[in-house]
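Written out below as structure tokens is the structure these notes cover.
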Amino acid sequence: MGKVDKEREKLLKKFRNVEIIEIYSRRVAKNYVYQGSNFYTAYK
């Protein structure tokens with residue numbers, strides 16, 4: 001019982017980290033696209 005809980009906790013931690021990374025990379029990508037479009041309009 002205790003071992004199963006530990007394994008599940010490990011999995012949840014891993015998923016939470018992945019979620020944080022996804023949110024962060026999505027934000028970075030959005031900023032990158034935004035800067036890219038600004039750059040593009042500046043040199044049109």
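Bear in mind that the values in this text are calculations on the coordinates, not laboratory data. Keep in mind that this is a model prediction, so the values were computed, not measured.
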query = Can you work out ³J(HN,Hα) from phi for every residue in segment 7-14, in order, using Karplus 6.51 cos²θ - 1.76 cosθ + 1.60 and θ = phi - 60°, giving whole Hz and x for Gly and Pro?
reply = 4, 5, 4, 4, 4, 4, 4, 4
inquiry  = Using the Karplus curve 6.51 cos²θ - 1.76 cosθ + 1.60 with θ = phi - 60°, what ³J(HN,Hα) values do you get for each residue of segment 18-31, in whole Hz, with x for Gly and Pro?
reply    = 4, 4, 4, 4, 4, 4, 5, 5, 5, 5, 4, 4, 5, 4
